[in-house]
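Participant: Before I ask anything, let me first share the structure, which is written out below as structure tokens.
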Amino acid sequence: MFGAFRVTSPLCGGLLWKTPWRLSRFQKARQRKRLRGVDSVVEILGNALAKKGETLKALETWKETMPTEAEMLPKDKYTMFDRKEKRYRKGIHKLPKWTRVSQRVNPPGY
Amino acid sequence: MSYFRITLHRSAIGLPQRTRGVLAALGLRKRSQTVFHPVSAQAAGMILKVKELVKVSEVDRALTPKEMREERKPEPGFWIEKAVPRREVQELQVIVL
């Protein structure tokens, strides 16, 4: 029951890695910080180009389609759409390389 | 003429070859390396491709490697308030002899 030979899933089945189903509040805080970092980069690029009178289509598209950190719903900050999940949502940390890719928008209605 | 000051903050290990290629094109090879590029739509487009990995600011001029090194240098821990002329040791020895 107790001690080194207790019956637990990792000891019985060998390799078992568990990923929590949701983010901790510290992970959420860091996620918000990263989102704000990307927002600031986009803003700096936009301001610098505006001063020179140049435009960049990719930048305009990003600004039109992507909400900033303040505009995003908590639902979209920490979870993402997945058609295989119950209620169509999974934690954003299930996304490979989730701290270094942008995942901001989800299908409308989900 | 203003410049983008770009610092690689996050590593591109495990990211697509396209992303790593953009970093190579910007001249960023390792984390916390800083490069300067003149403000242009082309440079902005490249930064936009790697916006999750870099820290960017707009500066008036590009710093030289020497100035970058000075920026990183820690405080010496002492400050010279007034310079005192050095004593000339050789002359003193002559007098004693």
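Participant: Find which of A:PRO67, A:PRO108, A:LEU56 sits farthest along the positive direction of the dipole of the protein assembly as shown, computed with +1 on the beta-carbon of Lys and Arg, -1 on that of Asp and Glu, about the Cα centre.
Facilitator: A:PRO108
Participant: OK, next. Within the accessible area of the stretch A:1-86, what % is carbon and sulfur when the probe is 1.4 Å and the other protein chains stay in place?
Facilitator: Carbon plus sulfur share of accessible area: 58 percent.
Participant: Note down the net charge around A:LEU73, summing +1 for each Lys or Arg and -1 for each Asp or Glu among other residues with Cβ under 14 Å from its Cβ.
Facilitator: Once all neighbours under 14 Å are counted, the net charge is +3.
Participant: Convert each backbone phi in the stretch B:39-52 into a coupling constant with the Karplus relation 6.51 cos²θ - 1.76 cosθ + 1.60 (shift: θ = phi - 60°), then list the ³J(HN,Hα) values in order as whole Hz, x for Gly and Pro.
Facilitator: Along the stretch B:39-52, the couplings run 5, 7, 4, 5, 5, 4, x, 5, 5, 4, 5, 10, 5, 6 Hz.
Participant: Continuing with the same structure: For B:12-19, what's the mean count of beta carbons from other chains sitting within 10 Å of each residue's beta carbon?
Facilitator: Per residue, the number of nearby Cβ atoms from other chains is 2 on average.
Participant: Contact order normalised by length for chain A, with contacts defined as Cα pairs under 8 Å and 6 or more residues apart; what percent is it?
Facilitator: 25 percent
Participant: At a 1.4 Å probe, which residues in the stretch A:15-43 are at least 50 Å² less accessible with all protein chains present than in their chain isolated?
Facilitator: A:VAL41
Participant: Among the lysines in the stretch A:25-94, how many pairs, 8 or more places apart or on different chains, have alpha carbons under 21 Å apart?
Facilitator: Within the stretch A:25-94, the lysine pair count is 22.
Participant: Which cross-chain or sequence-distant (5 or more) residues have an amide H under 5 Å from the amide H of A:ARG89, H modelled 1.01 Å from N in plane?
Facilitator: Under 5 Å from the amide H of A:ARG89 lie the amide H atoms of A:ASP82, each far enough along the sequence or on another chain.
Participant: Quick check: residue separation of A:ALA58 and A:PHE26 times 0.36 nm, minus the Cα distance between them. What number comes out in nm?
Facilitator: That works out to 8.3 nm of additional length.
Participant: Nearest 100 Å² is fine: what is the total accessible surface buried where chains A and B meet, probe 1.4 Å?
Facilitator: Buried surface at the A/B interface: approximately 1700 Å².
Participant: Provide, for q = 0.15, 0.19 Å⁻¹, the log10 of I(q)/I(0) from a solvent-free Debye sum over equal Cα point scatterers in the stretch A:25-94.
Facilitator: These q points yield log10 I(q)/I(0) values of -0.62, -0.84.
Participant: Something else now. What size of dipole, in debye to the nearest 20, comes out for chain B about its Cα centre when the only charges are +1 on Lys and Arg C-beta atoms and -1 on Asp and Glu C-beta atoms?
Facilitator: I would put it at about 680 debye.
Participant: Where Rh is the Kirkwood radius over the Cα pairs of the stretch B:3-61, the temperature 25 °C and the viscosity 0.890 mPa s, what D in µm²/s does Stokes-Einstein return?
Facilitator: 218 µm²/s
Participant: Charges at C-beta only: +1 for Lys and Arg, -1 for Asp and Glu. How large is the resulting dipole of the stretch A:25-94 about its Cα centre, in Debye rounded to 20?
Facilitator: For the stretch A:25-94, the charge dipole is close to 680 debye.
Participant: Please give the per residue accessible area of the protein assembly as shown, computed with a probe of 1.4 Å over protein heavy atoms only, in Å².
Facilitator: Per residue, the protein assembly as shown has 77 Å² of solvent-accessible surface.
Participant: Could you please state, rounded to a whole Å, how far the C-alpha centre of the stretch A:12-39 is from the C-alpha centre of the stretch A:60-110?
Facilitator: Rounded to whole Å, the Cα centres lie 14 Å apart.
Participant: Sticking with this structure for a sec: May I ask which residue of B:THR19, A:TYR88, B:VAL39 lies farthest towards the positive end of the charge dipole of the protein assembly as shown, with charges of +1 (Lys, Arg) and -1 (Asp, Glu) on Cβ and the Cα centre as origin?
Facilitator: Towards the positive end, the residue furthest out is A:TYR88.
Participant: For peptide B:36-46, compute the average count of partner chain beta-carbon atoms within 10 Å of each residue's beta-carbon.
Facilitator: What the average comes to for B:36-46 is 4.
Participant: Next question, about the same structure. Please give, to one decimal in nm, the separation of the simple spin-label points placed at A:THR8 and B:ARG31, each 7 Å out from Cα toward the Cβ.
Facilitator: Spacing of the two 7 Å Cα→Cβ label points: 3.0 nm.
Participant: Once the Cα gyration tensor of the protein assembly as shown is found, what semi-axes does its equivalent ellipsoid get, as square roots of 5 times the eigenvalues, in whole Å, sorted largest first?
Facilitator: 48, 31, 15
Participant: Quick one: dipole size for the protein assembly as shown, taken about the Cα centre, charges +1 on Lys/Arg Cβ and -1 on Asp/Glu Cβ, in debye to the nearest 20.
Facilitator: The calculation lands at about 1420 debye.
Participant: Another question, then. So what is the relative contact order for chain B, in percent, with contacts set as C-alpha pairs under 8 Å and at least six apart?
Facilitator: 36 percent
Participant: Give the angle, between 0 and 90 degrees and rounded to the nearest 10, that separates the Cα long axis of helix A:25-52 from the longest principal axis of the Cα atoms of chain A.
Facilitator: 20 degrees
Participant: Let me ask something else. For the stretch B:1-91, which trypsin sites (Lys or Arg not before Pro) pass both filters: DSSP loop (anything but H, G, I, E, B) and at most 14 other C-beta atoms within 10 Å?
Facilitator: Loop-located and lightly packed - B:ARG29, B:LYS30, B:ARG31, B:ARG61, B:LYS82, B:ARG86, B:ARG87.
The values are calculated or read from the model by the stated rules, or taken from the named source; none is laboratory data. Here the structure is a predicted model, which means the values were calculated and not measured. Virtual Cβ from ideal backbone geometry, glycine too; neighbours counted across all protein chains shown. Protein only, heavy atoms only, side chains kept; ligands, DNA and RNA dropped before computing areas. Shrake-Rupley method; radii C 1.70, N 1.55, O 1.52, S 1.80 Å.
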